[in-house]
Amino acid sequence: MMGCQRRARNSTRLTMLCNALVLVSIFSGGWFASVQAEALPISCPTTTAEEKEGMRRLALIVGIGVYKDSRLKQLKGAPLDAQHMYDLLTGAGGYGFPRPNVCLLRDAAATVTNFKTAFDQGLIKRAKPNDVVVVYFAGHGSTRKDTNGDEGDGTDETLVFHDSRTQDVHDLLDDEFNTLLAALHQRTQRITVILDSCNSGTAARADAASLTARFQEPETLPTAVLSGSAASQADGSPTFTPMDLPGLVLLAAAADGTSALESPDGGIFTNALMTVLSAAPKPPLSYTQVSYQVRPLVAARSSQVPYFHGDLSGVVFGNEKRSHPMGLRVSAIKLPNLTLSGPPLPGLGLNAELRVFDGQALGPDTLDPKKAKATLIVENSTGLRATGRIIGKGPNLIPIKEGDLAVLIRPADSFLRLSVRLRSPTQPGGIPLQRATAIQEIVDDDPDTKLMVQLVTDETTPVAFELSVQDNNRIVLRDSENRIRNHYQDGDTEAVLIANNLWQHARQLALKHLTGEGGRVFRDGETLQVSLVPESTGQTSCARKATWDQAKPNEPQNIPLCFRYQIKVTLDAQARVPLLVGGAILSSDGGILSFSNMLHEPLYPGRSRIFSTPFHGLPPLDIEDQIMVFGTHVANPIDWGALTSRVADGARTLRDPASTTSGLGHALGRYLVPGMRGQAEVTVVEDSAWTRTSLPVKVRANANFLESPQDGTQQSEINKREYTIANFDIRPYLPDDKKTALYKVLWQADSLAKYSRMEHDGVSYKQHPWIESTDADNLRKGIDCSRAIWFTFTRAGLAYNKQGNAYVSTVDMVKPQGPMADEFLSCPADPQIGDVLVFRDDTRGDGHTVMVIDPVKRIAWGSHGWDGNVKESKMSDTGVEYQLIKYKKDWTRWDRPTMKQKACWRYRQIAAETMTSRGQPSADALNTSCEESQCLEENLPDETFMQAIQEKKP
């Protein structure tokens with residue numbers, strides 16, 4: 001399953017499908033005629049579309065929070081998201097979609113039939129060439145078993161509508177959605193699809209700390225459906241949205257194994273998208289610029305990673321003439337108080353900050369603080385009305401009038417306050433009352449932390465983080481994806497360390513919400529072009545084994561574990577003035593590391609410079625960090641060092657970060673220093689334009705998978721083989737406790753993989769009786785996949801079965817009550833590290849088995865791995881190696897479509913130990929990842945393993 005990631009598929013097949021659909025749609029008895037609703041709601045007009053500027057702007061907007069099937073999780077935010085999107089497209093300051101051209105389906109109106117009918121009648125039948133179409137969906141995504149054989153991964157992705165899974169109504173298949181899109185594409189190519197849902201449950205954890213995930217468990221189909229055929233709607237796609245339709249743009253809430261999340265305010269992704277799209281800069285926003293600006297806003301509130309695909313160079317929704325931004329209007333004046341009216345905006349609430357501009361102000365004017373009449377903070381907000389108090393007067397002292405425009409510049413306190421749960425002592429892993437009380441007291445005693453961090457104990461409140469206790473008595477901080485972000489040393493200073501670290505995470509949340517105020521001069525994510533570049537000297541031997549894959553400027557960058565890198569900044573050649581440039585790395589553990597050697601050295605337009613400070617790619621792994629780079633006028637320097645805070649010392653150096661003349665300084669102060677906002681009148685509005693670029697980065701281990709065979713003549717092999725991962729580093733996966741079963745198994749497996757590389761590039765694959773005098777003698781002959789699993793468990797000193805730890809072939813490994821059931825449990829859900837997967841090919845009569853190493857990246861270990869090398873005999877190399885399982889994220893096949901998973905076995909002791917922290921990989925296992933002493937060039941097994949295989953008798 002591809003999760004929320006999308007990839008292209010066979011364009012020839014899709015073209016044939018599209019051509020066929022043209023014929024289908026023109027006949028009244030065709031497929032679309034069979035999906036007629038009795039009566040679409042009044043919110044979904046399908047009459048003749050209005051035309052403006054020589055085109056029609058059409059949209060279908062869906063938001064579902066109420067599901068007819070009571071077994072489905074209800075969503076509070078999805079209907080609100082749909083209303084926000086409707087207002088953005090049709091309202092004042094929006095994108096110019098006439099209301100008669102837009103269908104809004106929410107909750108009970110958003111049935112499967114209504115959606116299909118609205119798509120057909122409201123979009124396909126009304127669209128003409130060059131028309132602009134937007135399709136928006138907020139709600140649950142899911143999966144179900146493929147019934148027509150068109151999916152290479154055996155799974156259809158679905159959208160869950162209000163009446164799905166009731167009275168023979170099923171989820172909407174990706175096949176059906178793709179069919180609708182393909183037919184629409186025959187009418188116009190200018191299509192934007194926005195999905196604030198997710199079709200991957202991989203990251204949706206049933207954990208008290210999680211926000212609500214927009215994912216439902218796979219749909220279970222009745223036998224009649226499973227035995228039927230839907231070949232007429234087959235699209236052959238392994239993903240939800242067709243990616244090879246020219247002109248189509250996809251904006252998806254989550255990818256890369258993450259889940260789309262929502263808070264009571266709405267979807268995290270939609271709120272970020274609304275914040276960015278509400279502005280109206282000149283030139284107008286492109287989808288590329290939207291992607292740059294949305295990512296840090298999403299990262300501020302969740303771990304999900306948005307996904308953008310298609311031709312992103314185009315102008316958003318094709319509206320190049322939009323000139324006014326979305327905002328509220330002044331409806332009553334009683335100085336210093338103002339009453340505001342308008343659509344509810346994401347981020348509006350208590351202590352939200354707005355700027356008031358002339359009612360006819362254009363978009364670029366509202367991005368220029370010098371043109372503001374005043375700054376106000378919201379003191380009350382209810383639906384379509386808000387009241388605020390003026391706290392700052394504009395530089396020109398122009399009177400405020402009714403009808404003036406108020407634009408949100410900083411979100412409400414609720415958006416900037418970090419919510420953290422103290423797990424109840426009555427729950428597994430709960431924090432004892434005395435320790436919880438100590439943490440609460442430290443937070444309450446510090447005025448900064450108290451304003452920035454909210455501690456809760458209620459198990460139903462959505463939070464960003466949760467504190468709980470591991471079985472080693474240490475408190476850990478987990479994020480909404482249930483990943484450990486920090487763990488704290490217990491003792492007298494425990495509460496202080498925790499409070500300081502929470503304060504750091506809260507500061508990061510505020511920084512990620514910060515958006516530039518560039519007016520007509522600067523633009524976030526464009527004026528400053530940021531790249532990471534590897535340091536030319538000083539790389540460790542560990543780093544030299546990895547490959548640096550350079551990303552484009554401002555695009556997400558992966559950092560190989562242990563790599564030393566520097567930050568490169570280029571000032572766009574179109575910028576009008578030089579800038580002072582500095583910033584900070586926001587680490588996923590809460591740390592903030594500043595870089596500021598350009599403090600007194602302006603960067604000129606079209607020029608680049610590399611910060612001299614080197615940084616190190618260190619754990620935690622696969623969690624997105626942010627590098628934030630700011631540019632401000634030469635006359636307004638910032639003390640970048642004031643941003644620095646490290647988890648190790650809990651430093652709190654920032655109070656007022658800049659002089660009173662710096663616009664960025666005021667912004668940082670209001671965001672990062674609690675108590676400044678609204679506590680005293682500001683004499684003038686910030687009057688200095690500035691800009692910001694945020695670059696997402698991840699540290700990854702074992703990233704250099706084999707991309708192509710070393711022998712160019714075997715290119716075809718790469719398309720049908722599982723790859724081997726060279727120089728794999730097992731340490732990120734090892735539990736801290738060396739006595740656990742998982743540690744023993746992984747260490748033994750790793751040692752065998754290393755040993756195989758000593759023996760002519762791999763212990764060869766061979767089935768043979770294990771009858772030689774020692775293990776070393778037997779390994780010289782080779783080893784097969786099932787024997788490798790047996791070898792690993794038994795040589796780790798663990799019981800394998802009750803038949804004297806006898807070897808078990810794949811034929812017997814798949815038997816539910818066979819010898820594997822003696823010491824293993826059948827895996828109940830998604831595979832975990834250490835699980836043994838058994839595959840069989842019923843057609844050929846052969847089998848294969850692997851051990852799961854990384855469930856998300858699909859990394860496995862076993863015999864019969866292939867790395868593209870060719871031995872002297874010219875036969876392709878197969879041996880004991882780490883392998884990337886290419887095709888299916890839920891592991892249901894190996895190497896070829898007919899090799900299907902028949903069993904999944906979880907070792908009983910591993911299952912028991914992973915219920916506690918001692919049996920799980922942790923940050924402690926990575927402490928020496930980059931030490932030279934732990935990273936020998938030879939990467940050989942240690943003497944213990946070498947001695948064991950020489951002495952072990954079969």
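Each value in this text was obtained by applying a stated rule to the coordinates, not by laboratory testing. Everything numeric in this text was worked out from a predicted model, so none of it was measured. FYI the Cβ positions are ideal-geometry reconstructions off the backbone, even for glycines, and counts take in every protein chain you see.
For a quick check: with amide H placed at 1.01 Å from N, whose amide H comes under 5 Å from K373's, ignoring anything fewer than 5 positions away on the same chain?
Hits under the 5 Å cutoff: V356, F357, D358.
Let me have the relative contact order for region 328-415, percent, based on Cα pairs under 8 Å that are six or more residues apart.
It comes to 42 percent, rounded to a whole number.
Can you tally the net charge around F97? Count Lys and Arg as +1, Asp and Glu as -1, for every other residue whose Cβ sits under 15 Å from the Cβ of F97.
Around F97, the surrounding residues sum to +2.
Looking at the square roots a ≥ b ≥ c of the eigenvalues of the Cα gyration tensor of region 417-510, which shape do they give, rounded for a/c under 1.5, prolate if a/b is larger than b/c, or oblate?
It comes out rounded by the Cα gyration axes.
Measure out, as a whole number of angstrom, how far apart the alpha-carbon centroids of region 262-282 and region 439-456 sit.
29
With label points built 7 Å along Cα→Cβ from the Cα atoms of V456 and S773, find their separation and express it in nm.
It works out to 6.9 nm between the two label points.
Give the long-range amide H neighbours of G583: residues separated by 5 or more places, or on another chain, with amide H under 5 Å away, using H modelled in the peptide plane at 1.01 Å from N.
F595, F630
When only C-alpha pairs under 8 Å and at least 6 residues apart count, what is the relative contact order of region 417-510, in percent?
The value is 33 percent.
To the nearest 0.05, what FRET efficiency results for K766 and D830 with a Förster distance of 51 Å applied to their C-beta separation?
E between K766 and D830, to the nearest 0.05, is 0.95.
Work out the FRET efficiency for N380 and I42 from their Cβ-Cβ distance, taking R0 = 25 Å, and round it to the nearest 0.05.
Efficiency at R0 = 25 Å is approximately 0.20.
Once amide H atoms are built 1.01 Å from N in the peptide plane, which residues 5 or more positions from Y95, or in another chain, come under 5 Å H to H?
L89, T90
Subtract the Cα-Cα distance of R520 and S612 from 0.36 nm times their separation in residues, and report this length gain in nm to one decimal.
30.0 nm
For a Förster distance of 41 Å, can you work out the FRET efficiency between the beta-carbons of R908 and V533, rounded to the nearest 0.05?
Result of the calculation: an efficiency of 0.25.
Could you work out how much longer the chain between K739 and T426 gets when fully extended? Use 0.36 nm per residue separation minus the Cα distance between them, nm to one decimal.
109.8 nm
Shape of region 286-438 from its Cα gyration tensor (a ≥ b ≥ c, root eigenvalues): rounded if a/c is under 1.5, otherwise prolate when a/b > b/c, or oblate?
Oblate, since a/c reaches 1.5 and b/c is not below a/b.
Work out, step by step, the length gained on full extension between T898 and T944: first 0.36 nm times the residue separation, then minus their alpha carbon distance; give nm to one decimal.
12.5 nm
For region 294-299, what does the Karplus curve 6.51 cos²θ - 1.76 cosθ + 1.60, with θ = phi - 60°, yield as ³J(HN,Hα) per residue in whole Hz, taken in order and with x for Gly and Pro?
6, 4, x, 5, 5, 4
How do the peptides 470-478, 262-270 rank, highest first, by the average count of neighbouring beta carbon atoms within 10 Å per residue?
So the peptides 470-478, 262-270, ranked by packing, come out 262-270, 470-478.
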